[in-house]
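Chemist: Quick one: the structure is below, and I'll ask about it shortly.
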Amino acid sequence: MTCDEARILLHALLDNELDAGHAREVEAHIASCPACAAELASQHEMKRVLADADLRYTAPSSLRARIEASLPQPQRQPTRRSVLRGFAMGSAVSALAASGVVALVLRQDDQQRILSEVVSAHLRSLQAGHLIDVVSTDQHTVKPWFNGKLDVAPPVIDLTAQGFTLVGGRLDYIDARAIGAVVYKRRQHVINLFVAQTASTEHRLPKTQSMQGFNCRRWGERGLNFWAVSDIGGDELAEFVDKFEAAMKANVEG
């Protein structure tokens, strides 16, 4: 141990703040170093002098009285009943907040699980012989094929003129139930549009997420959930969804 290291620890040694190992190291250094031994003796004397009672100043009792008088008066202590009532209300609020947080986390976890299943279904479809059950570029052939196979047949829209070619459809399975998959192509890239019935009738704005190198755009409309999955860029997938929604809206209004 050097003198610089020892002198840093002298105060701690005097105040008994060092562990046994460090205390032995400092004491061994002091035993062989007159300069550090002298410094320790000087600090020890200073500590003794500062502890002398004659150096202490005792404040008069009148000062304490003035300080206490200037302080706000203590409020009446709450009764046991009010404390229990406040505790019960706080517990109820905390329970409601906690249940809301848990519900939110569960919903988010469920959405991630569904997204994972959708991407897995897309990957399965890319295997040879798994992409299409009914091969057709005619929406009037593909849509009737779903009738009787699902509770609600998915909307099938021909977007060939907009650059997204309808190539067919198939049945697939997401969240342990059968759903429809309408298949499109953008150049050589496959777009799977999964459609499932839902109890909600609210419109959910499209949201894009990425997983395993694929883009997935999810939205809800007229009691149906949609997932469009492909390896095309997010902008192109958003364009596909925008054109699909516009055409579906035009068909309903027409």
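Chemist: Would you please name the residue that is modelled with the highest pLDDT, looking only at residues in the range 163-189 that are surrounded by fewer than 19 Cβ atoms within 10 Å (Cβ to Cβ) and on the phi > 0 side of the Ramachandran plot?
Modeler: Gly163
Chemist: Among Ala31, Ala51, Ala103, Ala98, which is the only one that is modelled with pLDDT of 80 or more and aliphatic (A, V, I, L, M)?
Modeler: Going through Ala31, Ala51, Ala103, Ala98 in turn, the sole match is Ala31.
Chemist: For the list (1) closer than 14 Å to Ala247 by Cα; (2) in contact with a Gly (Cβ under 8 Å, 6 or more places away or on another chain); (3) surrounded by fewer than 20 Cβ atoms within 10 Å (Cβ to Cβ), I need the number of the one condition that Val156 fails.
Modeler: All conditions pass for Val156, except number (3).
Chemist: Before we move on, is Leu193 within 18 Å of Val135 (Cα to Cα) and either within 34 Å of the chain's Cα centre (by Cα) or among the polar types (S, T, N, Q) (or both)?
Modeler: Judged against the criteria, Leu193 is a match.
Chemist: Report, by residue number, each residue of the range 224-251 that is exposed (fewer than 13 other Cβ atoms within 10 Å of the Cβ) and touching a residue at least 24 places away in the same chain (Cβ under 8 Å).
Modeler: Within the range 224-251, Asn251 is the sole residue that qualifies.
The values are calculated or read from the model by the stated rules, or taken from the named source; none is laboratory data. No experiment lies behind these values; they were computed from the predicted model shown. Quick reminder, even Gly has a Cβ in these numbers, built from the backbone with ideal geometry, and neighbours come from all protein chains shown.
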